[in-house]
Amino acid sequence: MAPRERIVEAMKAEGAPISADRHSDVNFTYGLLHAAPLFTSVGRRALGGAFCDPTRIAPPSRPSLPVAEDLNQRLISMHAYTDVRQECLGQVADAMRKVMTRLDGLAE
């Protein structure tokens, strides 16, 4: 399979306004949301109420979400176009189709 960077590069070369996913991999020092300090280091016992599970004494640890982490490395994105000519959308779709049909050639 071709790496995401090569696919994005090829689509840009064909004129498709694509980028590596800009939402899931934002670096807030910890990366994905499930790795945020709120979920990995904040002692929920101190918060009490619905945030506290008295049966769990161990401090929170970073959960392992291998499917979500793998998917994050495969996502690409483009802006949501709400007012655009049909011809422009057709050109973008053609560029994407052209790249996707030659994925084997993009593999490293």
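Kindly check whether there is at least one residue in region 42-59 that is modelled with pLDDT of 80 or more and surrounded by 10 or more Cβ atoms within 10 Å (Cβ to Cβ). Within region 42-59, not a single residue is modelled with pLDDT of 80 or more and surrounded by 10 or more Cβ atoms within 10 Å (Cβ to Cβ). Among the residues making up region 59-98, those that are part of a loop (DSSP other than H, G, I, E, B) and hydrophobic (A, V, I, L, M, F, W, C) are L65, L75, M78, A80, V84.
The values are calculated or read from the model by the stated rules, or taken from the named source; none is laboratory data. These figures come from a predicted structure and were not determined experimentally. All Cβ positions, glycine included, derive from the backbone under ideal geometry; neighbour counts span all protein chains shown.
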